[in-house]
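The values are calculated or read from the model by the stated rules, or taken from the named source; none is laboratory data. Just so it is clear, the structure is predicted and the values come from calculations on it, not from any experiment. Methodologically, a virtual Cβ is constructed for each residue, glycine included, from the backbone with ideal geometry; neighbour enumeration extends over all protein chains shown. Ligands, DNA and RNA are excluded from the accessible area calculation, which covers all protein heavy atoms including side chains. Shrake-Rupley method; radii C 1.70, N 1.55, O 1.52, S 1.80 Å.
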Amino acid sequence: MKKLAVLMPTYNAAAYLNESIDSVLNQTYRNFDLYILDDNSQDKSENIIKRNKDPRIIYRKNSENLGISKTLNLGLDEVLDKYEFIARMDADDWCYPERLKKQITFLNHNTEVVMCGTQGYHTKDIKTTPNMTWKYPVSYGNIKYSLLFTASFNHQSVMMRSKFLLDNHLHYDESIESCEDWALWIRIVKLGKVVNIDEILMKIRILENSNHRNPKHRELHLRERSQIISDYYKTFNINLSATDIYNIYYREEPVTQEKFLVDLNKIITAFNTLEKSELKELESQIQHSLKYRFAREILAFWKRSGVSKVSPKIWLKVLKNVHFTSKTRLIKNLIS
């Protein structure tokens, strides 16, 4: 069995391919094959790829456009029983030379971890380095509950153990068009330990027309998110429908105070349940971080609803019903 396969799906990314391919081929860790999975690109991608004569490149091109989930699953089917580890890379992003070596080393030293991601800069120009970037949760405990709110990984940064995927029959859900990674992480986190390395090893290119940023696709993206989160809440014996999640997490339209109070009660009950039945297993610092996250999610929901923040009726309900944090800390988090 070979050590590592890197899966790079691409579709009409000719403008960025050279930089991305070079960043993988120039890794300090050399023992890998780079599978470039072309989803029937109609630009110059094929010519660019075939000009590169590095023997580690294995090129596959779909005869028709299948979408990223099906394309990645074809890649997984080809490599899972041949390699110890599977890494992801996107055709428009860039990784630092030490990326693969550091992830391989980490997984070799932490055999209980089945998948690890890394931190990364998010930038419109790969040639620049931003002064700051947002940070993904690092520990398994934090990731486990953060997946109720965000995908919690840079998809293009993950490295996974092939045997774990094979043993648990794990592939991407081909019915999902824009959140295929998030859905897979949730299936993985239920079965094994996952972490993010606390080091910036990637540059992720921000494209305004990317799948989830494109206004034409945004509604579908948010609806798929809502269904994935709803299903994951059920893991913790919390029943929030996909419509509930959409209304609480993403709805932008103003609502009546009565409707707001109904949804407010649902999310407060969910957060109270999580704190009571789940969070006590975590380190105190992570507990505090998640409780702060719960309070801020309530605040964001409140702001989007268009309901006045000076309503005594709402404040009374919040202060009476929230049990996941102290009243002092709650007020502090809600009035900022």
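Per-residue ellipticity at 222 nm, computed for the chain from helices alone with -39500 (n - 2.57) per DSSP H run of at least four residues, works out to -13500 deg cm²/dmol. The 3J(HN,Hα) values that the Karplus relation (6.51, -1.76, 1.60; θ = phi - 60°) gives for the range 101-107 are, in residue order, 4, 5, 6, 4, 4, 4, 5 Hz. Gly and Pro appear as x.
Qualifying GluC sites (Glu not before Pro) in the range 279-336, where qualification requires a DSSP coil assignment and no more than 16 other C-beta atoms within 10 Å, comprise GLU283.
For the chain, the solvent-accessible area with a 1.4 angstrom probe is 47 square angstrom per residue. Past 20 Å, Cα to Cα, is the threshold; run LYS190/LYS280; LYS102/LYS280; LYS193/LYS280 against it and keep the listed order. Cα-Cα > 20 Å for LYS102/LYS280; rest within.
Evaluated with a Cβ-only charge set (Lys, Arg +1; Asp, Glu -1), the range 257-336 carries a dipole of roughly 360 debye about its Cα centre, given to the nearest 20. To put it simply, the accessible area of the chain at a 1.4 Å probe is 52 percent carbon and sulfur. When the chain is treated as a GNM with alpha-carbon contacts under 10 Å, the residue of ASP92, ASP33, ASP43 showing the greatest mean-square fluctuation is ASP43.
In summary, the range 72-178 shows an alpha-carbon radius of gyration equal to 1.14 times the 2.2 N^0.38 Å reference for compact globular proteins. Ranked by the mean number of other Cβ atoms within 10 Å of their residues, highest first, the peptides 221-228, 161-168 fall in the order 221-228, 161-168.
Mean sequence separation of contacting Cα pairs (under 8 Å, at least six apart), scaled by the length of the range 12-136, corresponds to a relative contact order of 30 percent. ILE200 sits among other residues whose Cβ lies under 12 Å from its own Cβ, and their net charge, with Lys and Arg +1 and Asp and Glu -1, is +1. Computed from the alpha carbon positions, the gyration tensor of the range 232-336 leads to an equivalent ellipsoid with semi-axes of 22, 17, 11 Å, biggest first.
Binning the C-alpha pair distances of the chain at 10 Å intervals from 0 yields a P(r) profile of 5, 23, 31, 23, 12, 5, 0 %, listed from the shortest bin outward. Legend: calculated FRET efficiency, LYS50 to ARG30, from the Cβ-Cβ distance at R0 = 35 Å, rounded to 0.05, equals 0.95.
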